[in-house]
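Engineer: Got a structure for you, written out below as structure tokens; questions coming shortly.
What follows draws every value from the coordinates through simple rules; no lab data is involved. Computed from a predicted model, the values in this text were never measured in an experiment. Because the Cβ atoms are built from the backbone with ideal geometry, glycine has one as well, and the counts that use them run over all protein chains shown.
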């Protein structure tokens, strides 16, 4: 049974209306659906909620739950803030920079652009405190092949040593120019 695609990804939000309006304004996501219930369909637990769905492009859906009867949201204190994030792809570095300017014009702190060699990205937080990343691809087919060729070696080495393998060091040490050609 192969998975066809991600149907939706759901997060909690502080305020459903604020969340929908924010994602529409800054990320141009279309509001596609709202579901509200007084009990959870899967468990029968009495718990009123608002569940909103946003179009994240290409058949991808980002959803949020507002849960007014639950304690306030908090992040996992044992996981660094930079780790838990949602990365969304944009069409170009120009679009990335335009979005950064729009966010910053409204006082939203943005980190980046950060050059990851195969993509450039910016990072910021939504009104509920979720870290978001917008990424614009900049890699070449040769880079993709080079990474594909070493993925299992890297994973196996990591599993055995818990130390960062150096098979793709070219991405971070400045030697990536050798991988920029499109030839495989």
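Engineer: I'd like to verify a number: residues in region 16-32 that are surrounded by fewer than 16 Cβ atoms within 10 Å (Cβ to Cβ), touching a residue at least 40 places away in the same chain (Cβ under 8 Å) and touching a strand residue (DSSP E or B) at 6+ places or on another chain (Cβ under 6 Å), how many?
Structural biologist: Here the count works out to 0.
Engineer: Can you go through 108, 35, 122 and tell me which one is surrounded by 12 or more Cβ atoms within 10 Å (Cβ to Cβ), touching a residue at least 12 places away in the same chain (Cβ under 8 Å) and assigned to a loop (DSSP other than H, G, I, E, B)? Write out each step before concluding.
Structural biologist: Details: 35 fails: assigned to a loop (DSSP other than H, G, I, E, B); 122 fails: assigned to a loop (DSSP other than H, G, I, E, B).
Result of the check over 108, 35, 122: 108.
Engineer: Return the residues of region 39-62 that are within 26 Å of residue 23 (Cα to Cα) and over 27 Å from the mean Cα position of the chain (by Cα); say none if nothing qualifies.
Structural biologist: Selection gives 47, 48.
Engineer: Just to be sure I understand, how many residues within region 82-98 are in contact (Cβ under 8 Å) with a residue 12 or more places away in the chain, closer than 23 Å to residue 10 by Cα and either over 13 Å from the mean Cα position of the chain (by Cα) or loosely packed, with under 13 Cβ neighbours inside 10 Å (or both)?
Structural biologist: The number of residues fulfilling the criteria is 3.
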